[in-house]
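See below for the structure under consideration.
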Amino acid sequence: MCKRMYTRRQVAQIGLSSIGSLALLDLAAACGGTGASSSSHDTLQMSFWGNASRNKLTKNAIQAFHQQHSNITINTWYEDFTTYFDKLNTQIASGTAPDLIQMDMSYLAQYDKQHLLLDLTPYIKDKTIDLTNFDQSMMISSEDHSTPYGISLGGNYECMLYDSNLIQQAGVSAPPTTMTWAEFGTYTGELSKALASKKIYGTVDASGYMDLFEIWIRQQGKELWTTDGKINYTVDDVTAWFNYWDGLRSSGACVPAETQAAVTGSGASASLLTKGKAVFDTTHSNQFVGFQQLNQHTLVFQQVPTGPKPGIYQKPSMLLSVAASSKYAKDGAMFINFLINNTAGVRAIGLDRGIPGIPTARAALQPTLSANDKKVLVYASLVAGSGQTSNKTVLDPPGASKILKDLSNVAQQVGFGKLSVTAGAQSFVQQSQQALA
């Protein structure tokens, strides 16, 4: 068993300067069992980002796990994504890191560099975490230097959602299955003109959305990052991105800068789509059900606009990691396995964290899926067969998570005219280079 144990002083010496500023069981268990932990009663803490709905699903999974492992208790806390890592960093610095940590691809290398996450290889080798039939493309793209520091609880694709009722009110035909970026700009401009009297715009201003910017860059035929941990986009790339959204603002196709800047928080509740101010918004496919629950109108999936090259990829969603300092690493590994393999665990969390990486898990979900859940699977299947996907080959380097905020901040300054498009592009590239330095 490979554990790295840290005292509070050691954590402080390691330093969290690079991250401190940033903002679960086994289908085989039904056939054999998951292994046992120690005979003593172990209490673990788990952290995750999300909302009340995800909290309820997570607690259901924990309760199902506890029924099979009565000597293991798992307590939880959760935050909105925008504040989650700040609280996590505070706990780590105080020596009270959660045993189980929900981790994002954008932060994985950063936390690994600080030696804060446990290498799960021993538990994979002894089948405590059984990845026999796990989607290897999902696994590979969530490893750091070929080492698994977290297991994806599901995969998802970037998507756009639109309010079909508002499109009907606009008297505009439903959008085609695929659109180029230029066609998307034209279409949303028509929506804005038709809905002008209601002050509803065709789309949000997504110039500050890093996920969408990454797809844009990948559609130019390159990854966002180099293999040695540097940025792989240029001032010209960012200028083209900002120019596109500046054009949509000028034409009225997207919401004004002040409307976009008023958005606080993340997720469905904060979305301008949910607030009825925009017809289109961008999110991850696993968030569709949450969006629909908060919207009285019927929402429809739309593929991300296409570019010269395939750019969209299946993102390993919400990795579950074990803290290097955890005294209960074996228990944590058992819980991860329960979430990805066990029928009770799989059904407890459903598609909230993405589409499971194991075929038998997806099959176990089918009888329980709602109509909206099935729409998520249909969309994923559509994208997978669209010819517009390509595997992500370079993991986000340490410091990349800071760049998420940098893009949002600079895009806002460009939107308000405080920076020109060119000056904004230059500023963002400089900040990106500094963040990775």
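Only the coordinates and a few stated rules stand behind these numbers; no lab work does. It should be emphasised that the depicted structure is a prediction, and the values quoted were computed from it without experimental measurement. For neighbour counting, all protein chains shown are included, and Cβ atoms are generated from backbone atoms with ideal geometry for every residue, glycine included.
If the chain linking Ser137 and Lys327 were pulled fully straight, counting 0.36 nm for each residue of separation and taking away their Cα-Cα distance, it would gain 65.3 nm. In units of the compact-protein estimate 2.2 N^0.38 Å, segment 89-167 shows a Cα radius of gyration of 1.42. Working from Cα pairs under 8 Å separated by at least six residues, relative contact order for segment 288-437 is 23 percent.
For a paramagnetic label modelled on Ala262 (point 7 Å from Cα along Cα→Cβ), amide N atoms under 18 Å away belong, within segment 168-205, to 192, 195-205. Placing pseudo-labels 7 Å out from each Cα toward the beta carbon at Thr393 and Lys230 gives an inter-label distance of 1.8 nm. Using alpha carbons only, how many angstrom separate the centre of segment 173-200 from the centre of segment 294-319? Cα centres, segment 173-200 to segment 294-319: 17 Å. For segment 200-252, the relative contact order works out to 34 percent when only alpha carbon pairs closer than 8 Å and six or more residues apart are counted. Each of Gln430 and Lys125 was given a label point 7 Å from its Cα along the Cα-to-Cβ line. The distance between the two points is 4.9 nm. Each of (i) 19.8; (ii) 23.3; (iii) 24.9 is a candidate for mean projected area of the Cα convex hull in nm²; the one calculated from this structure is (i).
Applying 1/(1 + (r/R0)^6) with R0 = 30 Å to the Cβ-Cβ distance of Gln91 and Glu223, what FRET efficiency is obtained, to the nearest 0.05?
0.40
Subtracting the Cα-Cα distance of Gln67 and Thr83 from 0.36 nm times their residue separation leaves 2.6 nm of extension gain.
With a simple spin-label model that places each label point 7 Å from the Cα along the Cα-to-Cβ direction, the separation between Ser370 and Lys59 comes to 1.8 nm.
Using alpha-carbon pairs under 8 Å, 6+ residues apart, how would you state the relative contact order of segment 239-360 in percent? Walk me through the intermediate numbers first.
Details: 64 pairs, mean separation 20.2, N = 122.
Contact order relative to length: 17 percent.
The value for segment 45-108 of Rg(Cα) / (2.2 N^0.38 Å) is 1.17.
Convex hull of alpha carbon positions in segment 285-433: directionally averaged projected area 13.0 nm².
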